[in-house]
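Here the structure is laid out as structure tokens; the discussion comes afterwards.
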Amino acid sequence: MGNTLGKPRTSTLVTVAIVAAFLGSMGAVVVMSKINEGQERCAIERQYLAERGAPKPLTHGAKKVYVIGDSYTAGDQLDDRDDAWVRDIPKSWQVVADGIGGTGFVNPGNCGDKAFSARLDPAKSADMVILQGGLNDWREQPAAIEAATTEVLKGLSGVPEVVVVGPVHAPSRSDESLKVDAALRAATEAEGRQYVSAIDWDLPYLPDKLHITPIGQSKFAELVGASIDG
């Protein structure tokens, strides 16, 4: 007699079990790969921060400017971190830069909480604070980005000038960067601070289509300097 309707053969059950086990193992491989990648990024970040030490002045002008940013400010992916944009902004400023790759207004980064809100204390004595970033918050909802940005700006309420420089239109995150740009603008303007949109800046990118070249970094600095009031 044939198989009773609705009762799968034993061989079918075995096949299903094998497929499920295979898919489960593939999922485990993906998870382990992500864990290993995260651990590697954390190790690189820790080494960078240990070598950098506490942020020190890069230039020696009269106006004290503290920059909190992401990999653009840190100079990640560049052959020489000295090509990062913060070394090219106005020489009349005394610039101190705290850049940590992978961080943002919401994103804590690769290794512990390094979101912008966790790095405000050294900036509170500056004449101006520049908050550069947003690309690393691309997975977040606009409401979360706005709330985090508002928190950061309120934490800097005693600083005379605070400027938010938003994300560029990086090819690898082009759709998401528009969302982040709009959320940052809304939060910044609601707090009465200056927002500089970089979304329309034409910059050359490295092969990863996320980070900008040394020439792009120099142009980024020029555009930031030209956009900031005063």
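The values are calculated or read from the model by the stated rules, or taken from the named source; none is laboratory data. Note that this is a predicted model, so its numbers are computed, not measured. With ideal geometry, Cβ positions are generated from the backbone for all residues, glycine too; neighbour counts draw on all protein chains shown.
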(request) Go through the stretch 101-113 and count every residue that is under 23 Å from residue 51 (Cβ atoms), of a type outside the set (Gly, Ala, Ser), part of a loop (DSSP other than H, G, I, E, B) and in contact with an Asp or Glu (Cβ under 7 Å, 6 or more places away or on another chain). (result) 3
(message) Just to be sure I understand, how many residues within the stretch 53-105 are out of contact with any Leu (no Cβ under 8 Å at 6 or more places or on another chain), β-branched (Val, Ile, Thr) and more than 27 Å from residue 207 (Cβ to Cβ)?
(response) 2
(request) Residue by residue through the stretch 74-100, note down the ones that are without any contact (Cβ under 8 Å) to a residue 60 or more places away in the chain and either buried (at least 19 other Cβ atoms within 10 Å of the Cβ) or outside the structural domain of residue 203 (by TED's automatic domain parsing) (or both). (result) 74, 93, 95, 96, 97, 98, 99, 100
(message) Of the residues 173, 139, only one is basic (Lys, Arg), at pLDDT below 95 and within 22 Å of residue 211 (Cβ to Cβ); which?
(response) 173
(request) Please find, within the stretch 53-95, the residue that is farthest from the chain's Cα centre (by Cα) out of those that are at pLDDT 90 or above and of a type in the set (Lys, Arg). (result) 63
